[in-house]
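Working notes, structure below.
The values are calculated or read from the model by the stated rules, or taken from the named source; none is laboratory data. No experiment lies behind these values; they were computed from the predicted model shown. As a convention, Cβ positions derive from the backbone with ideal geometry for all residues, glycine included, and neighbour counts pool all protein chains shown.
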Amino acid sequence: MNCNNIFISCLFIVFLISYVYNLDIDSLTDEEKTELANLKINTDHYIVQSDDPTVDIQKILENTQGLRYLESISDEHHLVEIPPHLIDNLNLNNDSVKVVERQFQRYRFHRDIMLWSLPDDPLFPQQWHLHEKTFPFDQMSRDESIDTPIDINVLPLYSQGLTGSGVIVAVVDDGLQWNHTEIIDAYFPEGSWDFNGNDSDPFGSYRDYHGTSVAGVVAARDNRMCGVGVSYRAMISGIRLLSGPTTDIMEAKALSYRNDLNAIYSSSWGPNDDAMRLDGPGFLTRWAISKSIKYGRGGLGSVYVWAGGNGGKNGDNCNYDGYANSRFVITVAACDFQGKHTYYSEPCAALHVTAPSSGGNHSIITSGATHKYLDGCNMGFGGTSATAPQVSGVVALLLQANPLLTWRDIQHILILSTRINDPLDSDWIQNGAGHWVNHKYGYGLVDAQAAFNLTQNWKTLNEYIQIPIRINYVNQPLLPGQTIKSTLDIPEDIVIEHVEIVFTAMHPIRGKLSVSLESPSKTNSILAEQHRDPNPNYDNWKFTTMRCLGESSKGIWTLTVTDNQYLTSTQNGTLNYWKLLIYGHNQ
């Protein structure tokens, strides 16, 4: 390559990096977001792991020629820089030390929906998601078939002095305008960090406003400004992560930062909701979340609340999102002010609960970054970006009432205290334990008062256990139009909390496959539907279903896989194998 070509290539790389780091993601078209979601920028940073605790891995790495030691992530994991010319022939002089993951940068996307703004009248009376009956349009626009108020029933808790006081919620997002009138008295700097700028100040740039609105839904103060948050005396930590592309190590650190102080991590983001990908947390992020579940909050477990996703209009499903699809998180769907399904909210078997959000001409009122909203009030917030912080706020109220609740206790309490919204929807079924559940809504509308009532005499769940993993090596051709049923017989009898399926099928267009799981109690979980993902293969993709909560694990489990291609198609696939992982507790 001549000098001119080298110069032009370098100039293009500089331009590309400058472009990526200065994007206003929310201004992009859906097609541009898809292109950006497909972009992965390699780095020379790698995670190195040792399987032998007696090995001084840091010393080995520091003494390896050409390698630059950067930092210790944990006793087992270390971050190093390896130049490209060394990676293929790297010799670490110890068989127990291995490179496990390269770091690359990628974009994550907000999950808000911008809608029509309400008139600027006194705002708390218009926060219908907190108190539906005071909303001025309720009698004019309510569906007469709905006899359950569509709010989260939080006012009775305020009357009992529960406001989230003493509980710290970490908002993991694009930054936090902590000097905002609604936020400044709630801001908790000790639990905050900027992982984009690598400093202690999470204050965002002029492009960053989403996190400030999310924080307001959780804990906007009662100060006669815009309105109030669900837990308006809770504290807010700002974790700035999304103001640029992220790496696995950035996400791992952000989602476990100061888990001795931050009780709840509220996340209203994820992979692009275009129904054209299977994407989720990397190895290190999954490890960090599992460690926070085990050790966070003094061993009670960090509480993760996640937006279910806004890809409903695209046929997306939160089971294709490895964050929302994790058994460690509380995944939240959205309904509109009448309790009905919104066009954007993604269905899936991993959903826990639903909260009200934008739809029609109704939105969520919250704080707004003042460089975007001059009066500091965002009158048009919505999407599942607004549902996760509502549930985070409810969890803060519950932890104020009972700080000793474990992460599993909280999942159960929220689920067991829900109300059925949209009762005429045909997807509602009773599972084998008698709980009503729906692929669009999980177990229904979150109810703060009912959840609080459950905490009063709550008995901590028995020890969390996993029965032995079962694998069925099917290895059967999957032809166009064909359905394969595969079973596993489980002899162990525990009370189910979470069920995971690790699924591998080779297929030229994985979006043509539909996958479902039937429990021994005959509860069906739709794990994947035919959708527009053009990519090949499910390669050890982990699906989670919450729909079997409280059932017995014992009996026959049936996986059904259908190839929905036209019979004339010549593109065949193979159902290779599936693993069944069941977690729960003894009676």
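Key figures for this structure:
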| read-out | value |
| --- | --- |
| Residue among L399, L404, L414 that alone is within 26 Å of E551 (Cα to Cα), surrounded by 17 or more Cβ atoms within 10 Å (Cβ to Cβ) and at pLDDT 95 or above | L414 |
| Filter result for R233 (surrounded by fewer than 22 Cβ atoms within 10 Å (Cβ to Cβ), assigned to a loop (DSSP other than H, G, I, E, B) and either at pLDDT below 95 or not acidic (D, E) (or both)) | no |
| Given (1) assigned to a loop (DSSP other than H, G, I, E, B); (2) among the charged types (D, E, K, R); (3) under 23 Å from the mean Cα position of the chain (by Cα), number of the condition K522 does not satisfy | (3) |
| Members of the stretch 257-278 that are under 14 Å from the mean Cα position of the chain (by Cα) and closer than 19 Å to V391 by Cα | I264, Y265, S266, S267, S268, W269, G270 |
| Yes/no for I73 being surrounded by 15 or more Cβ atoms within 10 Å (Cβ to Cβ) and modelled with pLDDT of 85 or more | yes |
| Matching option when the condition is out of contact with any Pro (no Cβ under 9 Å at 6 or more places or on another chain) and either assigned by TED's automatic domain parsing to the domain that holds W428 or among the aromatic types (F, W, Y) (or both), among Y538, Y566 | Y538 |
| Qualifying residue in the stretch 450-464 (condition: small (G, A, S), exposed (fewer than 15 other Cβ atoms within 10 Å of the Cβ) and either assigned by TED's automatic domain parsing to the domain that holds N402 or not in a helix (DSSP H, G or I) (or both)) | no |
| Flag if I236 is in contact (Cβ under 8 Å) with a residue 40 or more places away in the chain, in the same structural domain as T384 (by TED's automatic domain parsing) and over 21 Å from V446 (Cβ atoms) | no |
| Close pairs from the stretch 370-384: first assigned by TED's automatic domain parsing to the domain that holds H129 and surrounded by 24 or more Cβ atoms within 10 Å (Cβ to Cβ), partner outside any loop (DSSP other than H, G, I, E, B) and not hydroxyl-bearing (S, T, Y), Cβ under 6 Å, at least 6 apart | F381/I364; G382/I364; T384/A307; T384/A334 |
| Qualifying residue in the stretch 108-128 (condition: part of a loop (DSSP other than H, G, I, E, B), modelled with pLDDT of 85 or more, surrounded by fewer than 19 Cβ atoms within 10 Å (Cβ to Cβ) and of a type outside the set (S, T, N, Q)) | no |
| Positions within the stretch 279-320 being under 24 Å from Y46 (Cα atoms) and part of a strand (DSSP E or B), in sequence order | D279 |
| Unmet requirement for P480, which otherwise passes all of (1) surrounded by fewer than 18 Cβ atoms within 10 Å (Cβ to Cβ); (2) in a strand (DSSP E or B) | (2) |
